[in-house]
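Structure record follows, encoded as structure tokens.
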């Protein structure tokens, strides 16, 4: 009986450590702080993954989709780093990435790693970048360093903004 328990325990441990263990997705939590200002506008937010050569893989873009004649798009260039890293080349709205602005509070994004631009990522160093810009407000950029394979990271990864962004947390959702 003890031998069976030992074999079972070892089998489970090997399964957890085996190459078959994979991450289905990452979960990114973005806090947009409540600001006490005379004129508040929800921030535009862009999220992308950038490799060492600065090639960007788009993850999320929150902007005002409901403005007449797509006027909300004209302010996207205020997300300066995102704009330079591929934003200006996107045909908007970009399917699976674009959505409406978000107000103050905690917001989550699930980043599936098994489809889209993220499937063919090679091993190496990356930066997950989150940029926010607000009309009659400020601009802020936060980076989380990330390595592939994901097993090289100590999750959760986190950072805190100083003005337009609050706490940013990246966690790994692994399955076996």
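Things worth noting here:
- Among beta bridges that DSSP assigns inside the chain, antiparallel share in %, nearest 5: 95 percent
- Annotation: extensible slack from residue 152 through residue 71 equals 24.9 nm (criterion: 0.36 nm per residue apart, minus Cα-Cα distance).
- Centre separation in Å (Cα based) which lies between region 113-176 and region 69-105: 18 Å
- The chain - Kirkwood radius from inverse mean 1/r over Cα pairs (Å): 17.8 Å
- With the simple spin-label model, which puts each label point 7 Å out from Cα in the Cβ direction, the residue 162 to residue 95 separation comes to 4.1 nm.
- At an R0 of 35 angstrom, the distance between the Cβ atoms of residue 173 and residue 36 translates into a FRET efficiency of 0.50.
- Taking all Cα pairs closer than 8 Å and separated by 6 or more residues, the relative contact order of the chain comes to 34 percent.
- Counting only alpha carbon atoms, the long axis of helix 2-17 and the longest principal axis of the chain meet at about 30°.
- Here the peptides 159-165, 101-107, 128-134, 28-34 are ranked by packing, the mean other Cβ count within 10 Å, and the order with the highest first is 128-134, 28-34, 159-165, 101-107.
FYI, it's all coordinate maths here, none of it is from the lab. Just so it is clear, the structure is predicted and the values come from calculations on it, not from any experiment. Reconstructed Cβ throughout: ideal geometry from the backbone, glycine too, with neighbour counts over all protein chains shown.
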